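Taking it in order: structure first as structure tokens, then the write-up.
The values are calculated or read from the model by the stated rules, or taken from the named source; none is laboratory data. Just so we're clear, the structure is a prediction, and the values are computed from it rather than from any experiment. No Cβ is skipped: glycine too gets one built from the backbone with ideal geometry, and neighbour counts run over all protein chains shown.
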Amino acid sequence: MAPRRAAAGDTDPGRVVSKTKKRKPVGPGTMKRLPSPREAAFMCIEAVVYDEAYANLQMPKILTQMGIEGRDAGFATELAYGSLRMELLYDAIISSAAKRPVESVDNSVRICLWLGAHQALSMRVPAHAAVNETVDQVRRHAGVGAAKFANAIMRRITERDLDAWLAVVAAGDSRHALSVRHSHPEWVIGALEEALVADGRAGQTEQLLAADNVPARVSLVARPGLVERDVLEADAGGEAGALSPWAVTLPGGRPGDLGAVADGTAAVQDEGSQVVAGALVSHRKVAAGERWLDLCAGPGGKAGLLGALAAQSGAFLDAVELHAHRADLVRDSVRAVPEGVVTVHDGDGTTWGESAAYDRILLDAPCTGLGALRRRPEARWRRGEDDVPALVELQRALLANAERLLAPGGVIAYVTCSPLVAETREVVDGSALTAVDARSAVASLTGTEAGEWGAGPHVQLWPHAHGTDAMYLALLERDPA
């Protein structure tokens, strides 16, 4: 990660780890890593902070390397992810306890204190255990003097519970207080608030912020025609999803160990992602021989679902991905789809393809990703407000090419994993195509009524309202020739 600090006078702290401090070995040689859940969590956060790693990709590797399984693996994962989500709040608490700016604390000590604060305030770890484990971890990473400092800070932290600390560091209803209380950058709160108001959900900002900090349950997709949902449900020990007809929700565990996931007939996929991809197909009856396109296909979850649906319907899917390694992920994702149905291409979605060639196009556009903060604990710190214009420019270019590729009478599903108005409504408003009512397609797929999905014509999903990522869907049609 490239840590960011706020400019002078900026009230939005952005990334909160000092970019001027580097990892420093303690004593000669390399420190021995202990195969413990707390050390696994520390290593994950180090990788996120220093190496721009993604926690959800890094943690499974660390757990495997350390041989940590079962409840210990769950503890390590929640400890790392929760500390990353709530680091802004924990920094405020650490600063108050230390009576000094948190930026002056060595990074390795600061990470240990995040872990200690999360254990004591949010994980019901007894205070004495949180203090002792944190002090031991600081001693290993930063030496005896730093351990004494950490002991004093952790003892002060454990003098209050979380509610008492919130009253100290995040009192009131200002945007700054919301930012600290729910550990979101202030610019993100403003953008989410604007999106909620635009969707008729004024006054729901704090509900959304709170939902962003609740870990999402694991959701699987039983790819239609490849595995039956009730079979997957029984094998996984899960339950049917609330919205998608293919979703199975798991209580926990390692979904990669399931046979259906291993062979590609099922996959991990958020239920909202399933709904917006499936709506492209449920919008109207499929004619045999239709050509479909997934224009930004990596890493391949939606392509896997669309490929399975295409195989059932006699359609064919092209999947395009700019980056070769992500195109390989798409190929792996569709490996269980019958041969000849899906063709994966390496290509630039802004220029690729033959004009008027496709009946249905999914454009899952690159975006800020602020709709998936439950699953990606570091994502809120990875983007800045100044990143949005370049993303919007790319989204518009991708949509313009999708319009060129669309056959007369065809339909585009414009999708983002962001609810931001600039990345959703404003991009779609610039299209020359006709926006049709996506609510009907979603209602047909989910067995609900169109009126349940807002004022339309788009559909915006929300973590606090629907239990999914904040996926946006607009359906755009070209008039028949």
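I'd like to check something: does region 392-402 contain any residue that is closer than 16 Å to GLN274 by Cα, surrounded by 17 or more Cβ atoms within 10 Å (Cβ to Cβ) and either aliphatic (A, V, I, L, M) or at pLDDT below 95 (or both)?
No: zero hits.
Please go through region 149-192 and pick out each residue that is charged (D, E, K, R) and farther than 19 Å from ARG38 by Cα.
ARG156, GLU159, ARG160, ASP161, ASP163, ASP173, ARG175, ARG181, GLU186
From GLY74, GLY67, which residue is on the phi > 0 side of the Ramachandran plot and out of contact with any strand residue (DSSP E or B) (no Cβ under 8 Å at 6 or more places or on another chain)?
On inspection, the qualifying residue turns out to be GLY67.
Looking for something over 20 Å from the mean Cα position of the chain (by Cα), in the same structural domain as MET123 (by TED's automatic domain parsing), part of a loop (DSSP other than H, G, I, E, B) and touching a residue at least 12 places away in the same chain (Cβ under 8 Å) - is there at least one such residue anywhere in region 60-67?
yes
Kindly indicate which of GLY353, GLY369 is free of Cβ contacts under 8 Å to residues at least 60 places away in the same chain, assigned to a loop (DSSP other than H, G, I, E, B) and either among the acidic types (Asp, Glu) or outside the structural domain of SER183 (by TED's automatic domain parsing) (or both).
Matching residue, one of GLY353, GLY369: GLY369.
Given the residues ASP235, ASP212, which is the only one that is touching a helix residue (DSSP H, G or I) at 6+ places or on another chain (Cβ under 8 Å), under 30 Å from SER313 (Cβ atoms) and not aliphatic (A, V, I, L, M)?
One residue alone meets the criteria, ASP235.
Among the residues of region 107-139 satisfying the criterion of being modelled with pLDDT of 95 or more, of a type outside the set (A, V, I, L, M) and surrounded by fewer than 18 Cβ atoms within 10 Å (Cβ to Cβ), which is nearest to the chain's Cα centre (by Cα)?
This residue is PRO126.
Please enumerate the residues belonging to region 164-189 that are assigned to a helix (DSSP H, G or I) and either at pLDDT below 95 or more than 20 Å from the chain's Cα centre (by Cα) (or both).
Scanning region 164-189 gives ALA164, TRP165, LEU166, ALA167, VAL168, VAL169, ARG175, HIS176, ALA177, LEU178, VAL180, ARG181.
Here are the criteria: (1) surrounded by 24 or more Cβ atoms within 10 Å (Cβ to Cβ); (2) closer than 19 Å to ARG201 by Cβ; (3) hydroxyl-bearing (Ser, Thr, Tyr). Tell me which single one THR448 does not satisfy.
Looking at each condition in turn, THR448 falls short on (1).
Pick from THR416, THR448, THR424: which is of a type outside the set (Lys, Arg) and out of contact with any Ser or Thr (no Cβ under 7 Å at 6 or more places or on another chain)?
THR448
Could you say which residue among ALA319, ALA308 is crowded, with 24+ Cβ neighbours inside 10 Å, out of contact with any Phe, Trp or Tyr (no Cβ under 8 Å at 6 or more places or on another chain) and part of a helix (DSSP H, G or I)?
Step by step, each of ALA319, ALA308 is checked, and only ALA308 is crowded, with 24+ Cβ neighbours inside 10 Å, out of contact with any Phe, Trp or Tyr (no Cβ under 8 Å at 6 or more places or on another chain) and part of a helix (DSSP H, G or I).
Residues LEU232, LEU220, LEU208: which one is in contact with a strand residue (DSSP E or B) (Cβ under 9 Å, 6 or more places away or on another chain), part of a helix (DSSP H, G or I), hydrophobic (A, V, I, L, M, F, W, C) and at pLDDT 95 or above?
Result of the check over LEU232, LEU220, LEU208: LEU232.
Just the residues that are surrounded by 12 or more Cβ atoms within 10 Å (Cβ to Cβ) and under 28 Å from the mean Cα position of the chain (by Cα), please, taken from region 143-163.
Residue satisfying the conditions is LEU162 alone.
With TRP453, TRP462 as the choices, which residue is surrounded by 19 or more Cβ atoms within 10 Å (Cβ to Cβ), aromatic (Phe, Trp, Tyr) and out of contact with any Ser or Thr (no Cβ under 8 Å at 6 or more places or on another chain)?
None of the other options fit; the residue is TRP453.
Would you point out the residue of region 235-269, among those that are surrounded by fewer than 16 Cβ atoms within 10 Å (Cβ to Cβ), over 22 Å from the mean Cα position of the chain (by Cα) and in a loop (DSSP other than H, G, I, E, B), that is modelled with the lowest pLDDT?
Only one residue fits best here, namely GLY237.
Among residues belonging to region 270-285 that are charged (D, E, K, R) and touching a residue at least 12 places away in the same chain (Cβ under 8 Å), point out the one that is surrounded by the fewest Cβ atoms within 10 Å (Cβ to Cβ).
ARG284
For region 190-222, enumerate the residues that are over 18 Å from the mean Cα position of the chain (by Cα), within 13 Å of LEU178 (Cα to Cα) and surrounded by 22 or more Cβ atoms within 10 Å (Cβ to Cβ).
Correct list: THR205 only.
In the set ARG284, ARG291, ARG217, ARG254, which member is assigned by TED's automatic domain parsing to the domain that holds THR468 and over 20 Å from VAL334 (Cα atoms)?
ARG284
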